[in-house]
1. Does A:Gly3 count as facing chain B (nearest Cβ under 7 Å) and of a type in the set (Gly, Ala, Ser)?
2. Looking at B:Arg163, B:Arg139, B:Arg149, which is the one that is closer than 23 Å to A:Ser200 by Cβ, open to solvent by 10 Å² or more (accessible area, probe 1.4 Å) and touching a Phe, Trp or Tyr at 6+ places or on another chain (Cβ under 6 Å)?
3. Scan B:Pro128, B:Pro144, B:Pro120 and give me the residue that is open to solvent by less than 20 Å² (accessible area, probe 1.4 Å) and in contact with an Asp or Glu (Cβ under 6 Å, 6 or more places away or on another chain).
4. Considering only segment A:36-61, state which residues are within 26 Å of B:Glu42 (Cα to Cα) and in a loop (DSSP other than H, G, I, E, B).
5. Taking the stated definitions as given, is A:Tyr97 aromatic (Phe, Trp, Tyr), over 29 Å from B:Glu54 (Cβ atoms) and at the interface with chain B (Cβ under 8 Å from one of its Cβ atoms)?
6. Is it fair to say B:Arg179 is in contact with a helix residue (DSSP H, G or I) (Cβ under 9 Å, 6 or more places away or on another chain) and either closer than 17 Å to B:Thr114 by Cβ or among the acidic types (Asp, Glu) (or both)?
7. Condition (residue is under 30 Å from B:Ala83 (Cα atoms), open to solvent by less than 80 Å² (accessible area, probe 1.4 Å) and in a helix (DSSP H, G or I)) applied to segment A:104-114: is it met by at least one residue?
8. Take residues that are out of contact with any His (no Cβ under 6 Å at 6 or more places or on another chain), open to solvent by 30 Å² or more (accessible area, probe 1.4 Å) and of a type in the set (Gly, Ala, Ser) and tell me which of the strands (runs of 3 or more DSSP E) falling wholly in segment A:135-224 contain 1 or more.
Amino acid sequence: MNGVHDLGGTDGLGPVPVEEEEPVFHAEWEKAAFGMFSMPFRAGFFGVDQFRFGIEQMHPAIYLLSPYYEHWAHTVEHFGVEKGVLDPADIEERTRYYLENPDAPLPQRSDPDLLAFVDGVVKAGASAARESDKKAAYAVGDRVRVLGSSPLGHTRRARYIRGRTGEIVLAHGTFIYPDSAGNGGGDAPEHVYTVRFTNSELWGEETAEPNGFVYFDVWEPYIVPAAGTEGSAA
Amino acid sequence: MSTTPTRPPTVRQPTVRTQEEIAARVKALEAIMIEKGIMTTEAVDRLAEIYENEVGPQLGAAVVAKAWTDPDFRERLLRDGTATCRELGIGGLQGEDMVVVENTDTVHNVIVCTLCSCYPWPVLGLPPNWYKGPQYRSRIVREPRKVLREDFGLDLPESVEVRVWDSSSEMRYWVLPLRPAGTEGMDEQALAALVTRDSMIGTGVVPAP
């Protein structure tokens, strides 16, 4: 989708708000919201690609103006409701209650397995690499062009690289394809490559900064051979 | 007959919530998920504690210091960031597949995630708010020299090539910064203490002691 989250190259957002001695969490609610990726993930709410797509469906104005971890709470609510685990009326009722009684305690429950999961997943992670028999169609050194079309749904094919031509500089193997998994499909693994674009290819000679490159990772379906290269059908 | 268009449940009128409203809503979600067996407050606290006290830029700094003092380690790190960090027991969530890019006298690297907030947690911890915010994400790919100069006080000469790594896939990039002059006699531990978070993002350099 052509969403506001796709920020690369957007002008007019102003200086970077750097905070000195920034704490890891700015409020207690941020800790709870931070727990709302890994724990609902374990409960089958979403994979990381769907999690991102839920955030991308926030209203653009709210996306830009809300604190970061509210994005996480939004996507958890989105998928929790969609899966029938969370009831919207219940959420509203309890929100009103906690707004009037901010110090009211949370329900207490102990779950040693969940505690062990938290420590385990932090250490082990959850790689998106997936085995596949697919042969890589491209190799380091190939010049490729990114498809220019605007897909609906979740994609990592950012607008600022669409239609642009660059050179493959790294080949990473096969990974979950976000354009499938993020839209409720299967892992559908595809080869991932890093493509190097010159600044002038991305922004034009007039405004591009000198002597610079942007490196962007693409899944194989995002690219075609660059025009004029051997075997190009584009 | 007129029909009222139905609004998808996730889209709401653009009204920004206050901190109090967000806190109440998150608490409501947490309460329900505790009752449903999905979350616990002890797991929330443990997860927060890990990233407040255990996993942070001090881990990346240890890797950098070792790379500066051990050429074989440096070579392995640049070839396979994930496996080489594992040698030091460093790795895991949001760093399952890491690529370390090296700054030199003629190349300066900087990382971003223009589409969301991807960041190498096992070596840098959780990202600062500015890294996740729209200003940095929009501008660093379009005007990196200007952002580094005006927002981070890092003025790079035009002769230095600037490479911006947009973390659009699950590969997690981070920067092996230049070892500053005047550190020749220092051991790994002393070197690690010099390495800043921003030098591993690429929005800073390691200052000379």
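1. Here the answer is no, as A:Gly3 does not meet what is asked.
2. The match here is B:Arg163.
3. On inspection, the qualifying residue turns out to be B:Pro128.
4. A:Ala43, A:Gly44, A:Phe45, A:Phe46, A:Gly47
5. yes
6. no
7. yes
8. Here the list reads A:165-175.
The values are calculated or read from the model by the stated rules, or taken from the named source; none is laboratory data. This structure is a prediction, so every number in the text was calculated from the model and none was measured. As a convention, Cβ positions derive from the backbone with ideal geometry for all residues, glycine included, and neighbour counts pool all protein chains shown. All accessible areas refer to the heavy atoms of the entire protein, side chains included, with ligands and DNA or RNA removed. Shrake-Rupley method; radii C 1.70, N 1.55, O 1.52, S 1.80 Å.
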